[in-house]
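> Below is one structure. I have some questions about it.
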Ligand code: SF4
């Protein structure tokens, strides 16, 4: 796309870990990117970008960008660095890593990365081949959706399930633990269109979110009790004869077992567990079953408590029970990521992993670095890229304590001097999305998107692909893998024999900026009308055969992940597992810490990105803790006062906001602020590191705290 000699429009893509994966147009004048906007032609982006990204050029040209390699000159955490040449940085990294490998073995080196950039080339897996070749300890990535993915695949198989654009055909829409308007903004117009055409929109969320306020019905559930509600709905659906008997008989397995389980959850009992009146549970079940097409959109927060996996199992059984899959716009939407034929193996080279390589889960980072986690080979070197663990990992104080270790050699590749980069020995400069080439899959729609570099890399910054080429060269790796250009890697990252790429070429994708996968149109996409679930039985599995020792086929991209171990004692039929920290399960703890803290994504930040940039900080309005008026009154807390949020794990400071948007007994403190700008700690100072039931998923929301004036 080009307009004139000194002004161009470049086709780009938002790089963030967000389901919308927006197609962006970048205006470049005289070699400088002057603005970004949403691509009006893209059917999902529809011309708009969110408040996080609509000034992305300011991120790229921020005076705070790291544009050259740096070496630490002050104490760890002080932020004192000096500029050094790339050669010197690479030489020092090679020297230190080689010495560590000679003395302790390569497993003493730990990589740490996540989705600071989501592109297929520069994102989650960009360093895996390098660290697999090196023989480093594997960093297990289960931050988001590892439990939900496991549960969903156990039930429905790896299927795109429902096209989010098909929601315009839905007549009953349940947004379950999903604040669409803040975290999946571009899905909202399809929901609003259905609503305008008479569909009922129901939001199930402990918080009256922006989305809940636009819904026809907000059901304020007690945190972590969603599985009980789903089982209660099944109880009513079965008792009142609202089951689609034909669909169940032909396309499901395990109905008798599910029926027996649902019988344990009558509405009155579910009302006690969830805090939702029994008559509302009955109404919800009846309306959901009888208003077709009905559809459920699950948010990522659904898995963040002790029973998160079983919760997703329960929700994923509902559409088959009522035959919602028969209709376009009916079923359940989790992640259409399964539709994208990315050749993860070609990117990650799991064949280079040496047998017996240890695995450390990402939120055990503090424990691993401080020696609390007993490791055969202690970690002596850490390399962080695409991530800011000080902000996102629970047990924040321990993470910082580990990073302060003088004998830990830490390398961080970053765009900015983050809370984590401050502890690095060597900082390497990373490009932003405007300076790199990438291809984006999506976990929120069915389009591939191409990101053309709009400008040359600023300073000496490099894309992650180039970073690992340089590191591979420094370490003497001469495999063909690192001889490939980004264009070649892009082409080889997709399985072109897959029918969903029929009619799509890399050249065409690049020319248009996006391409819809060849899965049919949103007006006829109905993959499970007649079953065809990609599970071992080919049916929707109410009773999961994988829980009884079958093999589960999961994507490679969570390298090292232990989503499902055959033989683990997993209940094969959906069940309700109460939160670990709740008045019902731990009254003694609840007496000390009575408030259930939720730390959702902020409207203005994208995880830890933007916690340093003025426009987004302005939108975010500072670290708040939102509590119900009754809870504020009983603690003598006033609106706008500073408060301390704490439990036995730690504490952080926040400004009190009093609102009946939250249930009594619940506190909300959005994630994304940086500790270095917030008095040294943030919400992850109090969040737990326990795993949920499936997939080593997080339990951020299974968390009791107290709030007191400070
Ligand atoms: S963060 Fe999400 S909504 Fe915002 S521009 Fe990026 S993809 Fe779009």
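Only the coordinates and a few stated rules stand behind these numbers; no lab work does. None of the values given here were measured: they were computed from a predicted structure. Note: ideal-geometry Cβ built from the backbone for every residue, glycine included; neighbour counts use all protein chains shown.
> What angle do you read, to the nearest 10 degrees and between 0 and 90, between the alpha-carbon axis of helix 226-239 and the longest principal axis of the chain?
Value to nearest ten degrees: 30.
> In addition: Over the chain, what is the percentage of antiparallel beta bridges among all DSSP beta bridges, to the nearest 5?
Roughly 50 percent of the beta bridges in the chain run antiparallel, per DSSP.
> What shape does segment 587-709 have by the C-alpha gyration tensor, where a ≥ b ≥ c are the square roots of the eigenvalues, rounded means a/c under 1.5, and otherwise prolate means a/b greater than b/c and oblate the rest?
Working: a/c = 1.69, a/b = 1.09, b/c = 1.55.
Oblate.
> Arranged from highest to lowest average of other beta-carbon atoms within 10 Å per residue, in what order do the peptides 215-224, 29-38, 467-476 appear?
215-224, 467-476, 29-38
> Moving on. Based on the mean of other Cβ atoms within 10 Å per residue, sort peptides 440-449, 505-514 so the most packed one is first.
Top to bottom by mean Cβ count within 10 Å: 440-449, 505-514.
> Roughly how many Å is it from the Cα centre of segment 310-373 to that of segment 219-242, as a whole number?
For segment 310-373 versus segment 219-242, the Cα centre distance is 25 Å.
> Could I ask something else about it? Quick one: angle between helix 308-322 and the longest Cα principal axis of the chain, in degrees between 0 and 90, rounded to 10, please.
Approximately 50 degrees, to the nearest ten.
> Where does the chain land at 222 nm, in deg cm²/dmol rounded to the nearest 500, when only DSSP H runs of n ≥ 4 count, each adding -39500 (n - 2.57), divided by all residues? Before the final figure, lay out each step's value.
Details: 22 runs with 188 residues, N = 710.
Calculated mean residue ellipticity at 222 nm is -7500 deg cm²/dmol.
> Sequence gap at least 6, Cα distance under 8 Å: using those rules, report the relative contact order of segment 87-172 to the nearest whole percent.
Relative contact order for segment 87-172 comes out at 21 percent.
> Label residue 264 and residue 102 with points 7 Å out from Cα along Cα→Cβ: what is the distance between them in nm?
6.0 nm
> Please give the Cα centre distance for segment 86-148 versus segment 504-538, rounded to the nearest Å.
Using only Cα atoms, the two centres lie 33 Å from each other.
> How much length is gained if the chain between residue 588 and residue 35 is pulled fully straight, taking 0.36 nm per residue apart and subtracting their Cα-Cα distance, in nm to one decimal?
193.6 nm
> From the Cα gyration tensor of segment 147-334, with a ≥ b ≥ c the square roots of its eigenvalues, which class applies: rounded if a/c is under 1.5, or else prolate if a/b is larger than b/c, or else oblate?
Cα axes put segment 147-334 in the rounded bin.
> Given a Förster distance of 56 Å, report the FRET efficiency between residue 485 and residue 272 from their Cβ-Cβ distance, rounded to the nearest 0.05.
Working: r = 61 Å, r/R0 = 1.09.
Given R0 = 56 Å and the Cβ-Cβ separation, E is 0.35.
> For 582, 701, what ranking results if the residue with the fewest other Cβ atoms within 10 Å of its Cβ goes first?
On the way: 582 23, 701 27.
Result, fewest neighbours first: 582, 701.
> Still on this structure, I have one more. Per residue, how big is the convex hull of segment 225-291 when only Cα atoms are used? Give it in Å³.
It is 79 Å³ per residue.
> For the chain, what is the convex hull (Cα atoms) projected area averaged across all directions, in square nanometres?
28.8 nm²
> Next up: How many angstrom separate the Cα center of segment 281-309 from the Cα center of segment 39-85?
38 Å
> Listing 546, 24, 642 from the residue with the fewest other Cβ atoms within 10 Å to the one with the most, what is the order? Walk me through the numbers before you get to the answer.
Values: 546 21, 24 26, 642 13.
So the residues, fewest neighbours to most, are 642, 546, 24.
> Also, quick follow-up: Does segment 48-163 come out rounded, prolate or oblate by the C-alpha gyration tensor, with a ≥ b ≥ c the root eigenvalues, rounded set by a/c under 1.5 and, if not, prolate when a/b is larger than b/c and oblate if not? Don't skip to the end; give the middle numbers.
Numbers: a/c = 2.76, a/b = 1.30, b/c = 2.12.
Oblate shape, in that a/c is at least 1.5 and b/c is the bigger or equal ratio.
> Which of 81, 477, 167 comes first, and how do the rest follow, when ranked by fewest Cβ neighbours within 10 Å?
Fewest-to-most ranking of 81, 477, 167: 477, 81, 167.
> A follow-up question, please. Mind ranking 298-308, 231-241 by how tightly packed they are, going by the mean number of other C-beta atoms within 10 angstrom, highest first?
Details: 298-308: 27.8, 231-241: 21.3.
Highest mean packing first, the order is 298-308, 231-241.
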